[in-house]
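Beneath this line is the structure, given in structure tokens, with notes to follow.
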Amino acid sequence: MSEDKKNLLKQMRAIVKAQKSKSLEQHPHKRGMDLLNTGDFEGAKEAFQESIKRDSEFPFSYHGLGVCQFNLGEDYEAEKNLRKCLDLNPHYAASYAFLANLEVRKNNQAVAEKLYRKALSLQGDLFEALFGLAKLLLAANKNQDEVKTLLKKAYFAEPEDYEILSMLLDNSEPNSDLYKELAEFFRETSFEEKAKYFEHLRELSNTQKITL
């Protein structure tokens, strides 16, 4: 077994052990994730730092800390902790995506694109990488067909995000096939009202084609 696989196995065992622990609710990593999800980046940062003190080999706390620091504008520290996560787990796609976000801030678009694509090679449905790469390509006015594909996948990953839906529709020609695909997706995921909405758009699109 390769060293990478051994490390991943060790990490997964640590997660299972934590899940079985009666004190899971009090674990600083869990607390950090809860605070991160509410947008309390300072509080989450402290929790992840405490988690790292308890276990300096747990990669996901470094990632969480890096995300907090990214949102707090502490870019140097964010990059250091995201890379530490990847040192411990080189297959963690989300850290590559956030490193790409940092490169975008530094106007290093070529480096950012490589990092987004690396993230997607590891996790093809990762929202952060899909949306980040789509915005990057859109700003550079290149690979517009790929932009549409990325935006569609990003919207399927986060169907409550209306910014992505707006970008997808703004950058797509009125297309009954697109509307059909969106309608089918929402019907399969029990969003009946949204399914009906896109079916209506599809009908309008087909009517316009006949009129023209």
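The values are calculated or read from the model by the stated rules, or taken from the named source; none is laboratory data. None of these values were measured; they are calculated from a predicted model. Methodologically, a virtual Cβ is constructed for each residue, glycine included, from the backbone with ideal geometry; neighbour enumeration extends over all protein chains shown. The protein model used for the area step is the full one, side chains on, heavy atoms only, and it has no ligands, DNA or RNA in it. Shrake-Rupley method; radii C 1.70, N 1.55, O 1.52, S 1.80 Å.
Candidate cross-link partners of LYS45 among the aspartates and glutamates, defined by an alpha-carbon separation under 12 Å and a same-chain spacing of 8 or more, comprise ASP34, GLU74, GLU77.
To the nearest 10, the accessible area of VAL67 is 10 Å² with a 1.4 Å probe. Taken over region 95-154, the percentage of Cα pairs per 5 Å bin, counting from 0 up to the bin with the maximum distance, is 4, 24, 33, 26, 12, 1.
Measure up LYS84/LYS106; LYS30/LYS196; LYS106/LYS148; LYS30/LYS84; LYS30/LYS194; LYS118/LYS148 against 28 Å on the Cα-Cα distance and list the ones that go over. In this structure, LYS30/LYS196; LYS30/LYS194 lie more than 28 Å apart at Cα. Of SER95, SER166, the order by accessible heavy-atom surface (1.4 Å probe, DNA, RNA and ligands excluded), from most exposed downward, is SER166, SER95. Of all aspartates and glutamates in the structure, the ones whose alpha carbon falls short of 17 Å from that of LYS142, not counting any fewer than 8 places away in one chain, are GLU113, ASP170, GLU173.
Magnitude of the charge dipole for region 134-185, about its Cα centre and with charges confined to Cβ atoms of Lys, Arg (+1) and Asp, Glu (-1), is about 200 debye. For region 131-145, 3J(HN,Hα) computed residue by residue from phi via the Karplus equation (6.51, -1.76, 1.60; θ = phi - 60°) reads 6, x, 5, 4, 5, 5, 5, 5, 5, 8, 6, 9, 6, 5, 5 Hz, glycine and proline entered as x. Taking one quarter of the surface of the convex hull spanned by the alpha-carbon atoms of region 19-141 gives a direction-averaged projected area of 7.8 nm².
Compactness of region 101-212 is given as radius of gyration and Dmax, 15.6, 49 Å, from Cα positions. Residues SER51, SER56, SER172 ordered from highest to lowest accessible area at a 1.4 Å probe: SER56, SER172, SER51.
In a reduced charge model with +1 at each Lys and Arg Cβ and -1 at each Asp and Glu Cβ, region 68-190 shows a dipole moment near 460 debye about its Cα centre. Applying a DSSP loop filter and a limit of 10 other Cβ atoms within 10 Å to the GluC sites (Glu not before Pro) in region 76-180 leaves GLU160. ARG83 contributes about 110 Å² of solvent-accessible surface, heavy atoms of the protein only, 1.4 Å probe.
Centre-to-centre separation between the Cα atoms of region 60-82 and those of region 107-161: 21 Å.
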